[in-house]
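The values are calculated or read from the model by the stated rules, or taken from the named source; none is laboratory data. Note that this is a predicted model, so its numbers are computed, not measured. Cβ placement follows ideal geometry from the backbone for every residue including glycine, while neighbour counts extend to all protein chains displayed. When the accessible area is computed, the model is the full protein with side chains, heavy atoms only, and any ligands, DNA or RNA have been set aside. Shrake-Rupley method; radii C 1.70, N 1.55, O 1.52, S 1.80 Å.
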Amino acid sequence: MSIEFQSRIKIYYHDLSNKEKSLADYLLKESEIASRQSIHDLSAKIGISVATTSRFAKKIGYKNFQEMRLSLSNNKSAGHSFFTSINEDDTLLNIASKTFNTNIASLQATGSMLSENTLEKAYKLLQNANTLALFGLGGSSVVTLEAYHKFLRTPLKCFYNQDYHIQLMSAATLNENDVALVVSHTGRNREILEIVSILQSNQVPIISITSSPSSPLAQKSTVTLLSISEETNYRPESISSTVAQLTIVDALFMLYASHQKSDAVKTIEKIREVIKTTRV
């Protein structure tokens, strides 16, 4: 079973119907057998209709049942434990190693969810924007601040402020010729959704980074990039997602900067010269 399949099941599971959850559970447990079953045989095994199985495949992001079955037969497995939990009797080195493994698994799972089409849409929005405005609160502000730090190195004019009210005011000044990057782990934060409402009223394109594809943020975004994470005994899911979200920001920066080479290099060199003056 592929990491991609496990990732899709994880992020969509809570939004599945009871019948769809039964199918998901079977596919996770018996992936090798399911990868050889036809849609009719699989549906009969679970006791659901062929139409339900077909809808399930599309609901978790595949074009059709055949594409999902190919993902099941993929041997690029995430291993016995998708994300590693830390126990009280672990040694210090074990805790550190498990933390690294958890982050690696999160990055692999998140990477498996990316698509050429989604990345192209995000890049074009950045390419055509007059201003990139960044929005994130609480723990997500770490990610948006890093994005601001990155994109300051490009020719693209960008804005970010950690204060919520200033973020509200910033959203009110944008228009359809700008782009907003909105980060929220749950995609359900009330303050962030208020900002999104303002952005929508001004017809501002929205690139969102979130762990929930069914969240209001994802549903209201022009492009959504999903981060995959798992809560462990000692590590909240939101903390694990930060690593994946920061890497998505890195990818967006590289997408934009690599296609603006001449201008980006000039900007980066200017910034380097300025930073040099702060060092002894």
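So that you can scan it fast, the table gives a plain yes or no per residue for (1) of a type outside the set (A, V, I, L, M); (2) assigned to a loop (DSSP other than H, G, I, E, B); (3) open to solvent by less than 20 Å² (accessible area, probe 1.4 Å):
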residue: Asn177; (1), (2), (3): yes, yes, no
residue: Ala180; (1), (2), (3): no, no, yes
residue: Glu191; (1), (2), (3): yes, no, no
residue: Glu194; (1), (2), (3): yes, no, no
residue: Gln200; (1), (2), (3): yes, no, no
residue: Gln203; (1), (2), (3): yes, yes, no
residue: Ile209; (1), (2), (3): no, no, yes
residue: Ser214; (1), (2), (3): yes, yes, no
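If you go through region 231-280 and keep only what is under 30 Å from Lys10 (Cα atoms), open to solvent by 50 Å² or more (accessible area, probe 1.4 Å), of a type in the set (Ser, Thr, Tyr) and modelled with pLDDT under 80, you end up with Tyr234, Ser238.
For region 103-141, the set of residues classified as at pLDDT below 95, in contact with a helix residue (DSSP H, G or I) (Cβ under 6 Å, 6 or more places away or on another chain), surrounded by fewer than 24 Cβ atoms within 10 Å (Cβ to Cβ) and within 19 Å of Val182 (Cα to Cα) consists of Met113, Gly139, listed by residue number. None of Met68, Met113 is touching a strand residue (DSSP E or B) at 6+ places or on another chain (Cβ under 7 Å) and of a type in the set (A, V, I, L, M, F, W, C) except Met113.
Listed conditions (1) surrounded by 16 or more Cβ atoms within 10 Å (Cβ to Cβ); (2) under 23 Å from Tyr12 (Cβ atoms); (3) more than 20 Å from the chain's Cα centre (by Cα) are all met by Ser73, apart from (1). Considering (1) in contact with a Ser or Thr (Cβ under 6 Å, 6 or more places away or on another chain); (2) without any contact (Cβ under 8 Å) to a residue 24 or more places away in the chain, the lone condition that Ala109 does not fulfil carries the number (2).
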